[in-house]
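What follows is a single structure, written as structure tokens, with notes after it.
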Amino acid sequence: MLSDVVRDAEGEKVFLLGNEAIARGAIEAGIDVFAAYPGTPSSEIADTLSDACKLLRGKMDFYMEYSANEKVAFEVAVGASLAGKRAMATMKHVGVNVAADTLFSFAYVGARGGFVLVTADDPSMHSSQNEQDNRWYGEAAKLPVVEPSSVQEAKDYAKLCFELSEKFGLPMILRSYTRLNHASGVVELGKIPEKKLSRVNWERHPETDVVLPAHARKLKPILLEKLSRIEDYFNKSDMNWVDDAQGDVGIIACGLSYAYAKEALENLNLDLPVLKLSSMHPLPEKLIEDFVLQMKKVIVVEEVDPFVELHVRAMGLAEVYGKMNGYMPMNYEYNVGRVEMGIAKALGIKPSRDYERIAAESQEIAAKAPPRPPVLCPGCPHSASFYAIRRVVDELGNAALPSDIGCYTLGINKPLEGVDITICMGASVGVSNGLAHVLNDKIIATIGDSTFIHAGIPPLINAVYNNAKFVLVILDNSTTAMTGHQPHPGTGFRGCGEVGKAVKIEDIVRGCGVEFVEVVNPYNIRKMMDALRRALNHDGVAVIIARQPCAILWSRARRKEGKIVTYTVTEDCTLCMECINTFACPALMFDGEKVSIDQSLCVGCAVCAKICPNRAIKPAKSN
């Protein structure tokens, strides 16, 4: 809870979400500047600090912002660090791809004020387009990576990373993952420092801060020397430890996998030596070597990639059992059962339970439940937009439909089928640039408002410059809906509850050189379809901004004012099934005999009434 995150009660124990614990660690470290672009599973770190900065104002002051994208967030934190302030940037794992350009160069420059990058990886891809292991960024960029194994460590290591960053002059990467970000656990609180966010005078250091080739050649050996020193520290750090036991078979367990391995050993009634690792890069090779030399076999337990396993194999000191030889799963996140089966297989014994049978039975039971695929919310303006797009595409006979990352990716589902391609943030516009020069068919791309600001502007400029012809529909629901309704520059709201200047998307689009720009309320299906038809005939890139607030926020505000008018299906219904077969709002139901509207779900958008050919859907009552 937020009240626990800001509680100034050193030594008291509270129950926190993993993301809240990371936020608390930043507060205990006396953070000065925080910047983030929201992305699951990291979003609650930013949301927590946005709320906390208001409550701590006057006691522990810091600046917090929701940035336009991850690269900008990272660079905001870089600026603060170079001025000697403590700074943190948080993002999901694929967000680091966006920030990587700055990340690699900043490694050479080095941190002054403590700098922490939090990457929230997503094993099993619960809400992501890939399953990448961001420990590789530490190795590639030559930066330290620290990985907590519990909610308590998430708080403690977030704070520690600021101290290590300043001690060694290095940006630090704190790697978390969905299961830890969204876990809850007991956390012992530390002290909240009292501080003001004071401005300082700039001190020039062009010999390190300007990464000209001549400077970079001198900085590279310095970076390697810093890494060597922090490796010595990691070899002695109490972040890593050995659970001693008798035997010549040992386990190396990384981060949260340590908790899985310990419980798996309890289930197997085994007491094996376990090396718990939380410093992922540079690996504490002396500590690992001392451990492995005592073993005939080593079982490596880590999520996503065989990062540590590769290093242990390269030592050639013992037989290694892990992902690379099939003893541990190569894909998806771990749990106690998966780890226990891997350990049992390596030891040639049976698991404590028949996990495969349990999994099969669970799947059988799950199959009996009605399928519940993710769907767009009742009244979602994106549903109306995709309905209009689908109707126009049906008129054309065919069209390419690139889309982007957001709630609206669910437009792939039947009956809307408005999404053909989704790669990454902003790629709907970039991919359309390529398609425009090779396709006979029309192209209608879709992108959200926050995503457009994040990564859609450069490819739109490219389209104008290179005379690409396609239609871009910006689905503007006036929030970053998918990650929890965070603000973005188009909303005019900022972190900490501050008000800023709203940047109008239509002004951005016109500034990019687009000549066809129209703003339409997607609930007005006829106007939306008319705009699409005219946009398709425009000689060049055409942009339609489909603007209507997110249905959740829109209905919440109207419910408070008692202004929601729900709709009902009247006796005029002929069961033409237009509303069910082509629109499919979750509030619409068909029981095999009649169509009805769930009054508890209906938000009164009236789109179904507008598409009904028999005008059989009418206002029901006010709520």
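Among the residues in segment 139-148, are any at pLDDT 95 or above, within 20 Å of the chain's Cα centre (by Cα), crowded, with 22+ Cβ neighbours inside 10 Å and outside any strand (DSSP E or B)? Yes.
Just for strands (runs of 3 or more DSSP E) wholly inside segment 183-258: which have at least 2 residues that are over 30 Å from ARG135 (Cβ atoms)?
Working: elements: 184-188, 241-243, 249-254.
Per the criteria, no element qualifies.
The set of residues in segment 244-270 being at pLDDT below 95 and either among the charged types (D, E, K, R) or assigned by TED's automatic domain parsing to the domain that holds ARG135 (or both) consists of ASP244, ASP248.
Give me the pairs: first residue in segment 289-301 and in contact (Cβ under 8 Å) with a residue 24 or more places away in the chain, second residue basic (Lys, Arg) and in a loop (DSSP other than H, G, I, E, B), beta-carbon distance under 9 Å, and six or more apart or on different chains, which are they? Cβ pairs passing all conditions: VAL300/LYS323.
Being in a helix (DSSP H, G or I), touching a Cys at 6+ places or on another chain (Cβ under 8 Å) and under 26 Å from LEU180 (Cβ atoms) holds for only one residue in VAL312, VAL308, and it is VAL308. Filtered by the rule that a residue be part of a loop (DSSP other than H, G, I, E, B) and small (Gly, Ala, Ser), segment 47-102 gives GLY58, SER67, ALA68, ALA83, GLY84. Out of curiosity, is MET482 at pLDDT below 95, buried (at least 17 other Cβ atoms within 10 Å of the Cβ) and either outside any strand (DSSP E or B) or β-branched (Val, Ile, Thr) (or both)? Here the answer is yes, as MET482 does meet what is asked.
Taken over segment 17-33, residues that are in contact with a Ser or Thr (Cβ under 6 Å, 6 or more places away or on another chain) and part of a helix (DSSP H, G or I) amount to 2.
Might you let me know whether segment 210-217 holds any residue that is of a type outside the set (S, T, N, Q) and buried (at least 20 other Cβ atoms within 10 Å of the Cβ)? Checked against the condition, which is being of a type outside the set (S, T, N, Q) and buried (at least 20 other Cβ atoms within 10 Å of the Cβ), segment 210-217 yields no hits at all. Of all residues in segment 399-439, those being closer than 24 Å to CYS612 by Cα, of a type outside the set (Lys, Arg) and either surrounded by fewer than 18 Cβ atoms within 10 Å (Cβ to Cβ) or outside the structural domain of LEU536 (by TED's automatic domain parsing) (or both) number 4.
In segment 371-385, how many are assigned to a helix (DSSP H, G or I) and without any contact (Cβ under 8 Å) to a residue 40 or more places away in the chain? Talk me through it step by step, then tell me what you get.
If we filter segment 371-385 for residues that are assigned to a helix (DSSP H, G or I), which is where we start, we get 381-385.
Now narrow it down to the ones that are without any contact (Cβ under 8 Å) to a residue 40 or more places away in the chain: none.
Total meeting the criteria: 0.
Out of GLY247, GLY255, one residue alone is small (Gly, Ala, Ser) and without any contact (Cβ under 8 Å) to a residue 60 or more places away in the chain. It is GLY247.
Just to be sure, is LEU536 free of Cβ contacts under 8 Å to residues at least 40 places away in the same chain and either crowded, with 21+ Cβ neighbours inside 10 Å or touching a strand residue (DSSP E or B) at 6+ places or on another chain (Cβ under 8 Å) (or both)? Taking the combined requirement at face value, the residue does not satisfy it. Do we have ILE443 as in a strand (DSSP E or B), more than 27 Å from the chain's Cα centre (by Cα) and not aromatic (Phe, Trp, Tyr) here? Criteria met by ILE443. Could you list, in sequence order, the residues of segment 367-377 that are under 26 Å from CYS605 (Cα atoms) and either surrounded by 22 or more Cβ atoms within 10 Å (Cβ to Cβ) or among the aliphatic types (A, V, I, L, M) (or both)? Result: VAL375, LEU376.
Looking at the structure I just gave you, is ASP122 crowded, with 20+ Cβ neighbours inside 10 Å, under 23 Å from the mean Cα position of the chain (by Cα), over 30 Å from SER198 (Cβ atoms) and of a type in the set (D, E, K, R)? Show your work before the answer.
Numbers: crowded, with 20+ Cβ neighbours inside 10 Å: yes; under 23 Å from the mean Cα position of the chain (by Cα): yes; over 30 Å from SER198 (Cβ atoms): yes; of a type in the set (D, E, K, R): yes.
Here the answer is yes, as ASP122 does meet what is asked.
Applying the criterion of at least 3 residues that are under 26 Å from ILE457 (Cα atoms) to the helices (runs of 4 or more DSSP H) found wholly in segment 510-623 leaves 525-536.
With respect to the conditions (1) charged (D, E, K, R); (2) under 24 Å from the mean Cα position of the chain (by Cα); (3) not in a helix (DSSP H, G or I), ARG7 falls short on a single one, namely (2).
Checked against (1) over 28 Å from the mean Cα position of the chain (by Cα); (2) under 30 Å from ASP122 (Cβ atoms), VAL249 passes all but a single condition, namely (2).
Selection over segment 161-177 of residues that are crowded, with 24+ Cβ neighbours inside 10 Å and more than 18 Å from TYR137 (Cβ to Cβ) gives a count of 1. Scanning segment 338-364 for residues that are under 33 Å from the mean Cα position of the chain (by Cα) and either hydroxyl-bearing (Ser, Thr, Tyr) or under 20 Å from VAL249 (Cβ atoms) (or both) gives ARG338, VAL339, GLU340, MET341, GLY342, ILE343, TYR355, SER362.
The values are calculated or read from the model by the stated rules, or taken from the named source; none is laboratory data. Quick caveat: nothing in here was measured; it's all calculated off a predicted structure. In this analysis, Cβ positions are derived from the backbone assuming ideal geometry, glycine residues included, and neighbour counts consider all displayed protein chains.
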